[in-house]
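Some notes on the structure that comes next.
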Amino acid sequence: MNANVQIRRAIVDDARAVADILSKAFAEFASDYTPEAMAVVTPPPDEIVGRFEEGPIWVAVKDEEIVATVSVVPEPEWLYIRSMAVLPNAQGLGIGHGLLEAVERYGIENNFERLFLYTTHFSLDAIRLYEKHGFQRGRDTSAEEWFGTPGLSMDKKIGGDNGKMLLEVKDLHAGIDGKEILKGLNLQVRKGEVHAIMGPNGSGKSTLSKVLAGHPSYEVISGEVLYEDRNLLELEPDERAREGLFMAFQYPVEVPGVSNSQFLRLAYNEKMKHHGLEELDPLEFNDYLKEKAKIVDMSPEFFKRSVNEGFSGGEKKRNEILQMAVLEPKLAILDETDSGLDIDALRIVAEGVNKLRNADSAIVLVTHYQRLLNFIVPDVVHVMANGKIVKEGGKELALELEEKGYDWVKGAASSR
Amino acid sequence: MVNQFTEQFKESLKSEESAWLRGLRTDAFSVFSMSGFPTVQNEDWKYTNVAKVSSENWTVSGKNISNDAELAGAFEMLLKSFDYKRNGFTALNLAFANVICIRIAKETNLEKPVEVSFAGDEETATFPHVLVIAEAGSKATFLETYTGSGKNFTNAVVQIIVEDNANLTHYRVQKESAEAFHIGTTDVMLGRGSLYNATNINLGGALSRHDVNVKFTAEGGECFVDGLYMLNGSQHADTHSIIDHAVPNCVSHQTYKGVLNDKSRGVFNGKVFVRENASGTDARQSNKNLLLSNEARVDTKPQLEIFNDDVKCAHGATVGQLEEEELFYLLTRGLNKELARNLLTYGFAEEIINKIEIDSIKKELDQAVLNRLTKLETEIL
């Protein structure tokens, strides 16, 4: 943030300046809001004074002038953020981020687990700022709900353990039918990260996914896999799943006769039960599922259909991401989720995955091709060859790989 | 030859007022007296030993009073055409037949299903004989259920005619007690452009047998003859079907599924005949069986006999256990092994049950299937 900018808690004497900022900042949206809604977002100074009773207000001061503000209201389930505005001439200086950081610090200090706010779909810059700051889109709110102007809610979990080690694979040797495929693989994944594991056919990518998920046909020869500091390899596949491990299949299996919603509710409730949380009955679950389905743009008609039966390739992959959304895993391994998808389906799937990124969980993308990484930008790229990771780097590595081809890393593997 | 039914037959014949029917019953009873029940030496009864049926003492229940006026015309012709000589059960049925006539009038569309249900009491033998005529252009659903108690013997026959361009949906639900003996015969004749859609559910009975015979009598007919047998304990269920493409350009679909647990035993014998002149026939038949225990057993024999080159036919049978990959998929979603197995089994059976369009019946069957799958029952409903 610009050195001339200072963020501080507002005092009652700032009320006029705060009201002024709100009316200036929201002026550009006057035509998009109803008059009632406009009155709410631009309250007069005396109303601002009243708000000091409800919760803290912050202001940003630049060159001794108040240029931005935000306020919060502590509510039982979250810290509600409202009336955030930055004057047009002070935008682009990182002031928005600074305000959100102040709010988040306040939230953590006061033991809130979640930040919550309402915005409107036309406030594109604001939504971008919130998303950059780790907020996720919640539900759409109707015009009736909020003074005739439809909008959406957004929220962010705070005080989590972002950056904590989630998965640690140490010198893993594993294979199938007596053939060793993974030959000393090492991998570390922390919470909040997205990893891509790339490699040519036969490099062992899919074997790694299956070993992590616990496929009974694969055997671990030696090595260690720690998941949240526990020995993952000791757990049965279903225990792993209930502990938050999820694998999206390259070839999702069809389950005729069982509807998607029956199946998903069973899976969801098994997890809830395991964690001692409340299970959902069919009606409650249906509402939950409807919300989740929006993430992958799936219509509710898919809920009644048998799991994956008669689904196109793209629909099956979307259904995998829907399952991921429903089960809210800590570690999601997406095994060749991009294979067989056309560009539109790929975009929907990738956007779905992006919406599910958060600070408490990690995603491992296993893929042959770089194109998925145009849509889901990884924090770390690993390149596999001959059963090991042979190269690691940032997102640029994927592009370099695309350019030079896998022979480049195959050379690296054999020269070791 | 005198048998356990001889005295009871003499007695019941006294109340038969129709002369032609008295004659028919007498002939039928003498056929039964000569042949007795079929034995395993008979190729059609090779896997199904009914010795236990004949060794019990049965009291014939229900009266065989029939109404001459009602039985006149088409129903009389239909009953007279019944081939009771094929085995001892069909002969015995006609001898004691409690005849019920159902007519779906020409060009009518019945919203509500026509229902018949039979519940035999302990130690009794019941002999329903239902005649169904779906007249030209009509549309209806016919529901037939069997829910006896204790050790009883039900020997039922249903004769159906689906006339030209008529559409009949037929649900046959056999939920007899676990000790019951159930023998059923369904004969169906299909007219020009008719549609017959049958779902046969077999859940009950210590020993049950269902023979279903469908014959196309004019071009453009189509039939679905599907079924499910879900067995546990030491239940034995046998389905014998014959689909007879006697005329050109008819379509038949047959999907039978079996779920066999414990020491249960299933038999499926499906014959499809495509006669010499029946060009343009399209016949599909499949029988899939899921064995849930090492001691369960199924004998399946799909047979196609084709005497014409211009046909599309496919048939197949499978006997197997749950697929490893399917199980793994469910495990990775957090379902434990038992739940995963039960869910896959439920899904396997549901493919047939899902065909049923009467909500109350479908729910009841869902429940019946779930009752057999411990743990799943409470989770899914």
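The values are calculated or read from the model by the stated rules, or taken from the named source; none is laboratory data. These figures come from a predicted structure and were not determined experimentally. Cβ placement follows ideal geometry from the backbone for every residue including glycine, while neighbour counts extend to all protein chains displayed.
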For residue A:194, the lone unmet condition from (1) more than 14 Å from chain B (Cβ to nearest Cβ); (2) out of contact with any Asp or Glu (no Cβ under 6 Å at 6 or more places or on another chain) is (2)
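Here's the yes/no breakdown for (1) touching a strand residue (DSSP E or B) at 6+ places or on another chain (Cβ under 6 Å); (2) buried (at least 17 other Cβ atoms within 10 Å of the Cβ); (3) modelled with pLDDT of 85 or more:
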| position | (1), (2), (3) |
| --- | --- |
| A:120 | yes, yes, yes |
| A:124 | no, no, no |
| A:132 | no, no, no |
| A:140 | yes, no, yes |
| A:143 | no, no, no |
| A:162 | no, no, no |
| A:169 | yes, yes, yes |
| A:177 | no, no, yes |
Find the residue count for segment B:155-197, including only residues that are touching a strand residue (DSSP E or B) at 6+ places or on another chain (Cβ under 6 Å), aliphatic (A, V, I, L, M) and farther than 17 Å from residue B:141 by Cα. 3
Being within 13 Å of chain A (Cβ to nearest Cβ), at pLDDT 90 or above and in contact with a Lys or Arg (Cβ under 9 Å, 6 or more places away or on another chain) narrows it down to one of B:288, B:271, B:301, B:312, so name that one. B:288
Residue set A:92, A:138, A:148; condition over 26 Å from residue A:62 (Cα atoms) and without any contact (Cβ under 8 Å) to a residue 60 or more places away in the chain; output residue A:138
Given (1) in contact with a helix residue (DSSP H, G or I) (Cβ under 7 Å, 6 or more places away or on another chain); (2) surrounded by 22 or more Cβ atoms within 10 Å (Cβ to Cβ), where does residue A:382 come up short, assuming only one miss? (1)
Picking from A:27, A:19, which residue would you name as being more than 31 Å from the chain's Cα centre (by Cα), within 25 Å of residue A:148 (Cα to Cα) and without any contact (Cβ under 8 Å) to a residue 12 or more places away in the chain? A:27
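Quick check on my filter: what residues within segment B:315-327 are under 28 Å from residue B:43 (Cα atoms) and either among the small types (Gly, Ala, Ser) or facing chain A (nearest Cβ under 7 Å) (or both)?
Let us first name the residues in segment B:315-327 that are under 28 Å from residue B:43 (Cα atoms), namely B:315-320.
B:316, B:317, B:320 - these are the residues of segment B:315-327 that are under 28 Å from residue B:43 (Cα atoms) and either among the small types (Gly, Ala, Ser) or facing chain A (nearest Cβ under 7 Å) (or both).
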How many residues does segment B:259-287 hold that are in contact (Cβ under 8 Å) with a residue 60 or more places away in the chain and in a strand (DSSP E or B)? 4
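With a cut-off of at least 1 residues that are in contact with a strand residue (DSSP E or B) (Cβ under 9 Å, 6 or more places away or on another chain) and at positive phi, name the strands (runs of 3 or more DSSP E) lying wholly within segment A:50-116. First the steps, then the outcome.
Working: elements: A:57-62, A:65-74, A:79-86.
In segment A:50-116, the matching strands (runs of 3 or more DSSP E) lie at A:79-86.
Could you check segment B:11-39 and list, in sequence order, the residues that are under 21 Å from residue B:83 (Cα atoms) and not in a helix (DSSP H, G or I)? Spell out how you get there, then give the answer.
Kept after step one, since they are under 21 Å from residue B:83 (Cα atoms), are these residues of segment B:11-39: B:13, B:16, B:18-39.
B:16, B:18, B:36, B:37, B:38, B:39, listed by residue number.
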Given the criteria closer than 22 Å to residue B:168 by Cβ and of a type in the set (A, V, I, L, M, F, W, C), does residue B:237 qualify? no
Tally time: how many residues in segment A:243-261 are within 8 Å of chain B (Cβ to nearest Cβ), touching a residue at least 60 places away in the same chain (Cβ under 8 Å) and assigned to a loop (DSSP other than H, G, I, E, B)? 2
Could you tell me whether any residue of segment B:328-348 is farther than 30 Å from residue A:327 by Cβ and more than 10 Å from chain A (Cβ to nearest Cβ)? no
Of the listed residues (A:109, A:77, A:53), the one being closer than 30 Å to residue A:360 by Cα and without any contact (Cβ under 8 Å) to a residue 24 or more places away in the chain is A:109
Just a yes or no: is a residue in segment B:98-111 over 18 Å from residue B:62 (Cβ atoms), at pLDDT below 95 and not in a strand (DSSP E or B)? yes
Residue that is surrounded by fewer than 21 Cβ atoms within 10 Å (Cβ to Cβ) and among the small types (Gly, Ala, Ser), where the choices are B:193, B:184: B:193
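Residues are listed down the side, and each one gets a yes or a no for (1) more than 14 Å from chain B (Cβ to nearest Cβ); (2) out of contact with any Lys or Arg (no Cβ under 9 Å at 6 or more places or on another chain):
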| position | (1), (2) |
| --- | --- |
| A:330 | no, no |
| A:337 | yes, no |
| A:343 | yes, no |
| A:346 | yes, no |
| A:354 | yes, yes |
| A:358 | yes, no |
| A:368 | yes, no |
| A:373 | yes, no |
Filtering segment A:262-310 for residues that are surrounded by fewer than 20 Cβ atoms within 10 Å (Cβ to Cβ) and either more than 8 Å from chain B (Cβ to nearest Cβ) or assigned to a loop (DSSP other than H, G, I, E, B) (or both) leaves a count of 26
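Among what's in segment A:1-28 and is in a helix (DSSP H, G or I) and in contact with a strand residue (DSSP E or B) (Cβ under 6 Å, 6 or more places away or on another chain), pick the residue that is modelled with the lowest pLDDT. Give the steps one after another, and end with the answer.
Going residue by residue through segment A:1-28, those that are in a helix (DSSP H, G or I) are A:12-28.
Cutting the leftovers down to in contact with a strand residue (DSSP E or B) (Cβ under 6 Å, 6 or more places away or on another chain) gives us A:14, A:17-18, A:21-22, A:25.
Values: A:14: 92, A:17: 92, A:18: 92, A:21: 90, A:22: 90, A:25: 86.
Restricting to residues being in a helix (DSSP H, G or I) and in contact with a strand residue (DSSP E or B) (Cβ under 6 Å, 6 or more places away or on another chain), the top hit is A:25.
Let's see how each residue does on (1) more than 30 Å from residue B:102 (Cα to Cα); (2) surrounded by 13 or more Cβ atoms within 10 Å (Cβ to Cβ):
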residue: B:4; (1), (2): yes, yes
residue: B:25; (1), (2): no, yes
residue: B:30; (1), (2): no, yes
residue: B:35; (1), (2): yes, yes
residue: B:41; (1), (2): yes, no
residue: B:73; (1), (2): no, no
residue: B:81; (1), (2): no, no
